[in-house]
Amino acid sequence: MMPSALTSSKATPLQMGPDGRLRHLLSIEGLSRELVEQILSQAESFLTVAHQSVRKVPLLRGRTVANLFFEPSTRTRMTFELAATRLSADVLNPDMSQSATRKGEGMLDTLRNMEAMQIDLFVVRHSLSGAAHFLAQHASDHVSILNAGDGSHAHPTQALLDAFTMRKHFGSLDQLVVTIVGDILYSRVARSQIQLLRLLGVRDLRLAGPPTLMPTAIESWGCRVCGSLEEALEGAHVIMMLRLQRERICGAVLPSTKEYYRLYGLNEHKMSLAHPDAIVMHPGPINRGVEIASSVADGPHSLILPQVSNGIAIRMAVMAMVASPDA
Amino acid sequence: MILLNHSQIEALLNNMAAQLRMHLQEEQAPVYMLGIHTGGYWIAERFYERIGLKSELGGLDIHLYRDDFSRIGIRYPVHPSHLPWGIDNATIILVDDVLHTGRTIRAALNALFDYGRPARIILAILVQRHGRELPVSADIVGTDMVLPDDQHLKLYGPELLSLHQVTRSSRS
């Protein structure tokens, strides 16, 4: 049983060092716009590493990164691992499904044991909201925690890579109309995206999705809930589709995937309502024919694959920043 | 304290361009110029105009290769590297504003070799000063200066260039 502190979704100055330096990345909440801009600028540098013959820089040589994925992940885990190896860190990928935690070891004991192995940086994904925050509260001074997704709370590096992708395409974000579509209620991606896009000055931020998957009082976050996907797409520059988790498909929440696709699936016809230069994004993995048509996912407006490459650069930037010494 | 004003720097660049032409007289390989961000890039922009290369000017960011990351961390602002050509078997003119300890050039060479294997690298420097900590020497030099150890050279630009003597900060 997890302690109640684990469910706390409040970001605190915990993620910032005493000198204002980023120490852990747990949530977008609590980050300054200046710091976010620094992460995005830093990622530009790391993007060029992918074009080198030797795709590596020596910044984290001698440091060790552990990917603690208590919840399955393919893309996020691989891009965190690639980010660490491209920074020349040593990387551990313990299989948490087979690890001591299955034998009853608590997360704190896991943390303490791995700290004793001189791990410098932990990338944590967990199905419980607040898991990364909990570890950061108890981590030793020399250790940093990066949240790679915790329950329905936050997925800050996904939001950062999305903003980075938009900035690379459009230059600045403040004049953009951005639409987020899907399961807003349970989506840690949406929560982090909304916080970050508001921080970066997006004024017209629209949400569309089934009313059963829309949080109450979400307008107080500075977004507009639209009555239909068509309304939300009108003139949109950026369409951010969310993955529909199959477990949500049960009578009370959603009648069927077919019904969902009819109302909230993005197809070429609906795309014609958006701005002619609109881009389509998706955090993956895609449910083709459920939230998005293949012709859109693979079409000229799609930036879904560049998002993956950009994710490596963002994760390199964040790792390099938390590994920087105090001023 | 200002040590070189814009027109003095321009005069040094004219002299450096003459030196570089001598170096390139018999050159068979493709020639590309690369400035080290940020001061070296400002110098390279003016040097490039004088040489009249047809290839695009490149910029190299060395901060990911610095040997003092664990002490000073990331620096801002960031200027990503831009190498618009392949460097394999090419002659690279590597340009920087100041050559002091040699550590920046060490980092630049490491960065460069992660892009490929150039045929030759020519190092062009506006100002070199004593205090080398690594076996690095420039092929083309604008001028030499002698400064006390606690003094630092800083190029201001990019429109009007000027070289200043400043007291070194503990984190530089």
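Can you name every residue in region B:91-108 that is within 14 Å of chain A (Cβ to nearest Cβ) and either of a type in the set (D, E, K, R) or surrounded by fewer than 20 Cβ atoms within 10 Å (Cβ to Cβ) (or both)?
Once the filter is applied, which keeps residues that are within 14 Å of chain A (Cβ to nearest Cβ) and either of a type in the set (D, E, K, R) or surrounded by fewer than 20 Cβ atoms within 10 Å (Cβ to Cβ) (or both), region B:91-108 yields B:103, B:106.
Name the single residue, out of those in region A:237-253 being modelled with pLDDT of 95 or more and either of a type in the set (Asp, Glu) or in contact with a Leu (Cβ under 8 Å, 6 or more places away or on another chain) (or both), that is surrounded by the most Cβ atoms within 10 Å (Cβ to Cβ). I'd like the intermediate steps shown before the answer.
The first filter runs over region A:237-253 and keeps only residues modelled with pLDDT of 95 or more, leaving A:237-242.
Cutting the leftovers down to either of a type in the set (Asp, Glu) or in contact with a Leu (Cβ under 8 Å, 6 or more places away or on another chain) (or both) gives us A:237-239, A:241.
Working: A:237: 21, A:238: 26, A:239: 30, A:241: 25.
My answer is A:239.
Filter region A:310-324 for residues that are within 13 Å of chain B (Cβ to nearest Cβ) and not β-branched (Val, Ile, Thr) and give the result.
Residues of region A:310-324 within 13 Å of chain B (Cβ to nearest Cβ): A:313, A:316-324.
Within region A:310-324, A:313, A:316, A:317, A:319, A:320, A:321, A:323, A:324 meet the criteria.
Only one of B:74, B:87, B:92 is in a loop (DSSP other than H, G, I, E, B), out of contact with any Asp or Glu (no Cβ under 9 Å at 6 or more places or on another chain) and either in contact (Cβ under 8 Å) with a residue 40 or more places away in the chain or acidic (Asp, Glu) (or both). Can you tell me which?
Answer to the selection: B:87.
Restricting region B:111-133 to residues that are within 14 Å of another protein chain (Cβ to nearest Cβ), among the hydrophobic types (A, V, I, L, M, F, W, C) and out of contact with any helix residue (DSSP H, G or I) (no Cβ under 7 Å at 6 or more places or on another chain), which is surrounded by the fewest Cβ atoms within 10 Å (Cβ to Cβ)? Walk me through it before giving the result.
We begin by selecting, within region B:111-133, every residue within 14 Å of another protein chain (Cβ to nearest Cβ); these are B:111-118.
Add one more test, that the residue is among the hydrophobic types (A, V, I, L, M, F, W, C), and what stays is B:111-113.
Next cut, out of contact with any helix residue (DSSP H, G or I) (no Cβ under 7 Å at 6 or more places or on another chain) only: B:112-113.
Details: B:112: 23, B:113: 15.
Within region B:111-133, the match that is surrounded by the fewest Cβ atoms within 10 Å (Cβ to Cβ) is B:113.
For region A:140-149, indicate whether the set of residues that are out of contact with any His (no Cβ under 6 Å at 6 or more places or on another chain) and without any contact (Cβ under 8 Å) to a residue 12 or more places away in the chain is non-empty.
First pass over region A:140-149, keeping only residues out of contact with any His (no Cβ under 6 Å at 6 or more places or on another chain): A:140-143, A:146-148.
After this cut, where a residue has to be without any contact (Cβ under 8 Å) to a residue 12 or more places away in the chain as well, the list is A:141.
Yes, region A:140-149 contains at least one residue that is out of contact with any His (no Cβ under 6 Å at 6 or more places or on another chain) and without any contact (Cβ under 8 Å) to a residue 12 or more places away in the chain.
Could you identify the single residue in A:220, A:228 that is closer than 24 Å to residue A:286 by Cβ and among the hydroxyl-bearing types (Ser, Thr, Tyr)? Break it down stepwise before answering.
Details: A:220 fails: closer than 24 Å to residue A:286 by Cβ.
Just a single option satisfies the conditions, and that option is A:228.
Just the residues that are more than 17 Å from residue A:165 (Cβ to Cβ), crowded, with 21+ Cβ neighbours inside 10 Å and more than 8 Å from chain B (Cβ to nearest Cβ), please, taken from region A:31-61.
Passing the criteria: A:31, A:60.
Any residue in region B:50-66 that's within 14 Å of chain A (Cβ to nearest Cβ) and closer than 23 Å to residue B:14 by Cβ: show its pairings with residues that are of a type outside the set (Asp, Glu) and in a loop (DSSP other than H, G, I, E, B) at Cβ separation under 7 Å, as long as the two are six or more apart or on different chains.
These pairs meet every condition: B:58/B:83; B:58/B:84; B:59/B:37; B:59/B:79; B:59/B:81.
When residue B:81 is evaluated against the numbered criteria (1) more than 14 Å from every other protein chain (Cβ to nearest Cβ); (2) touching an Asp or Glu at 6+ places or on another chain (Cβ under 6 Å), which criterion, by number, is the only one it fails?
(1)
Pairs, please: C-beta under 8 Å, at least 6 apart or cross-chain, first residue farther than 13 Å from residue A:91 by Cα and in region A:58-70, second of a type in the set (Phe, Trp, Tyr) and at pLDDT below 95?
Going by the 8 Å Cβ cut-off, the qualifying pairs are A:58/B:65; A:59/B:69.
Out of A:189, A:178, I need the residue that is among the β-branched types (Val, Ile, Thr), crowded, with 23+ Cβ neighbours inside 10 Å and assigned to a helix (DSSP H, G or I). Which one?
A:189
I'd like the full set of residues that are touching a residue at least 40 places away in the same chain (Cβ under 8 Å) and over 18 Å from residue A:258 (Cα atoms), limited to region A:285-300. Talk me through it step by step, then tell me what you get.
Taking region A:285-300 first, the residues touching a residue at least 40 places away in the same chain (Cβ under 8 Å) are A:285-287, A:290-292.
Once the filter is applied, which keeps residues that are touching a residue at least 40 places away in the same chain (Cβ under 8 Å) and over 18 Å from residue A:258 (Cα atoms), region A:285-300 yields only A:285.
With respect to residue A:154, determine if the residue is under 20 Å from the mean Cα position of the chain (by Cα), under 20 Å from residue A:291 (Cβ atoms) and not β-branched (Val, Ile, Thr).
It is false that residue A:154 is under 20 Å from the mean Cα position of the chain (by Cα), under 20 Å from residue A:291 (Cβ atoms) and not β-branched (Val, Ile, Thr).
Please tell me if residue B:89 is farther than 24 Å from residue B:19 by Cα and touching a Pro at 6+ places or on another chain (Cβ under 8 Å). If you could, list the steps in order and put the result at the bottom.
On the way: farther than 24 Å from residue B:19 by Cα: no; touching a Pro at 6+ places or on another chain (Cβ under 8 Å): yes.
Considered against the rule, which asks whether it is farther than 24 Å from residue B:19 by Cα and touching a Pro at 6+ places or on another chain (Cβ under 8 Å), residue B:89 comes out as no.
Give A:268, A:291, A:259 a once-over and let me know the one that is under 22 Å from residue A:176 (Cβ atoms) and exposed (fewer than 14 other Cβ atoms within 10 Å of the Cβ).
Numbers: A:291 fails: exposed (fewer than 14 other Cβ atoms within 10 Å of the Cβ); A:259 fails: under 22 Å from residue A:176 (Cβ atoms).
Answer to the selection: A:268.
Considering only region A:90-115, state which residues are at pLDDT 95 or above and either under 22 Å from the mean Cα position of the chain (by Cα) or surrounded by fewer than 12 Cβ atoms within 10 Å (Cβ to Cβ) (or both).
Answer for region A:90-115, where residues must be at pLDDT 95 or above and either under 22 Å from the mean Cα position of the chain (by Cα) or surrounded by fewer than 12 Cβ atoms within 10 Å (Cβ to Cβ) (or both): A:91, A:92.
Show the residue pairs that are 6+ apart or on different chains and have beta-carbon atoms under 8 Å apart, the first residue being within region B:140-156 and under 28 Å from residue B:21 (Cβ atoms), the second being surrounded by 14 or more Cβ atoms within 10 Å (Cβ to Cβ) and basic (Lys, Arg).
Note: pairs meeting the criteria are B:144/B:129; B:145/B:129; B:153/B:129.
What do you reckon, is residue A:196 without any contact (Cβ under 8 Å) to a residue 60 or more places away in the chain and either closer than 26 Å to residue A:260 by Cβ or in a helix (DSSP H, G or I) (or both)? Let's see the steps before the verdict.
Details: without any contact (Cβ under 8 Å) to a residue 60 or more places away in the chain: no; either closer than 26 Å to residue A:260 by Cβ or in a helix (DSSP H, G or I) (or both): yes.
No: the conditions fail for residue A:196.
The values are calculated or read from the model by the stated rules, or taken from the named source; none is laboratory data. What you are looking at is a predicted structure, and each value in this text was computed from that prediction instead of being measured. Cβ: placed from backbone, ideal geometry, glycine included. Neighbour counts: every protein chain shown.
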